[in-house]
1. Around Asp85, under 12 Å between beta carbons, what's the net of Lys plus Arg minus Asp minus Glu among the other residues?
2. At 20 °C and 1.002 mPa s, what whole-number value in µm²/s does Stokes-Einstein give for the translational diffusion of the stretch 192-294, with Rh from the Kirkwood sum over Cα pairs?
3. Using square roots of five times the C-alpha gyration tensor eigenvalues, list the equivalent-ellipsoid semi-axes of the stretch 53-143 in whole Å, biggest first.
4. Sort out for me the Cα centre separation of the stretch 67-89 from the stretch 227-283, rounded to whole Å.
5. Where Lys and Arg each count +1 and Asp and Glu each count -1, what net charge lies around Ala104 among other residues with Cβ under 14 Å from its Cβ?
6. Counting only the heavy atoms of the protein chains, how much of Ser225 is accessible to a 1.4 Å probe, in Å² to the nearest 10?
7. The stretch 84-203: percent of C-alpha pairs farther apart than 25 Å?
Amino acid sequence: MVRGVHMVSVKDCIRFGVRGVLALALGVGSLLAMTAVTAGPVGATSSLSWSIGASPNQAGSENHLSGISCVSSTVCTAVGYYNDDPVLQTLIESWNGTSWSIVASPNASASQDNYLNGVSCVSSTLCTAVGYYFNNTTSQTLIESWNGTSWLIVGSPDVPGYNNALNGVSCTSPTSCTAVGQYYNDSVDQTLIESWNGASWSVVASPNTSSTQYNSLNGVSCVSSTSCTAVGSAGGQTLIESWNGTSWSIVASPNVSGPDLNGVSCVSVTSCTAVGQYYNDYNGSVDQTLIESWNGASWSVVASPNTSS
């Protein structure tokens, strides 16, 4: 998820990827502190404003939230991790319409790092969270399920012998979820997609632009069991894939310098929006916002504001 950077190890690559998403989340957190949010060209402000909502933290030096899903204005779930020195453990918080509270969440290992990167809820009593954990030698997928009372770890497959991580998930019903991420093929990352049928998770074949360049998927959005869109990056270019109910295929997507797409939301088969960043060489080395839109026929870059060039 770090554009144009090839990590020396998969563990480093995954850590940078997660921290990239978390940096984006923390960036959103910073925006919440603004009383006037930039909504157009630099200098133009909106009359709307964000405010900071009090949220609890676990004791420790780090508390991070990476993903969120709301089924109503009074039911939201956020997931991430916290530092339970010397390891990282899962963190889940719940919104009841009045306040946020920490909900007990399991870990695959109490002595190794555990991360939750994304969550999707179809009701107040059914949520799915995804991420990964370390098992001393490699990273393995981690999927947890909420039944309205408690979070439980659900068995999830891994590509044998390699590092595996899940970054995003989208559920359209209790029997239909899709999770996306990447695995390591002993030289580079390749796309990883898993599917839930109501009874078990299975790996679904997913395409890559190249078997010798990194390919990763960071976010996914499904409008039905036969229509999903996943986004990420591949070899320093945007990567968008589409599910038609039978197979995944790569969809042509526009690029600017060093792009990466981190999240996507679809409201229908003809309307999706993907967000991320691209690398801007103007007067230095900085990332700038990147937004792309799907109209049912093609993806296009949509102009998006930045606080500074």
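The values are calculated or read from the model by the stated rules, or taken from the named source; none is laboratory data. Everything quoted here is computed from the prediction, not taken from an experiment. Glycine gets a Cβ as well: all are built from the backbone with ideal geometry, and neighbour counts include every protein chain shown. Only protein heavy atoms, including side chains, enter the accessible area calculation; ligands, DNA and RNA are left aside. Shrake-Rupley method; radii C 1.70, N 1.55, O 1.52, S 1.80 Å.
1. Its environment carries a net charge of -3.
2. Here the translational diffusion coefficient equals 149 µm²/s.
3. Numbers: eigenvalues 111, 48, 14 Å².
Values for the stretch 53-143, descending: 24, 15, 8 Å.
4. The two parts, judged by their Cα centres, are 25 Å apart.
5. Counting the neighbours of Ala104, the net charge comes to -3.
6. Here the residue's solvent-accessible area equals roughly 70 Å².
7. 22 percent
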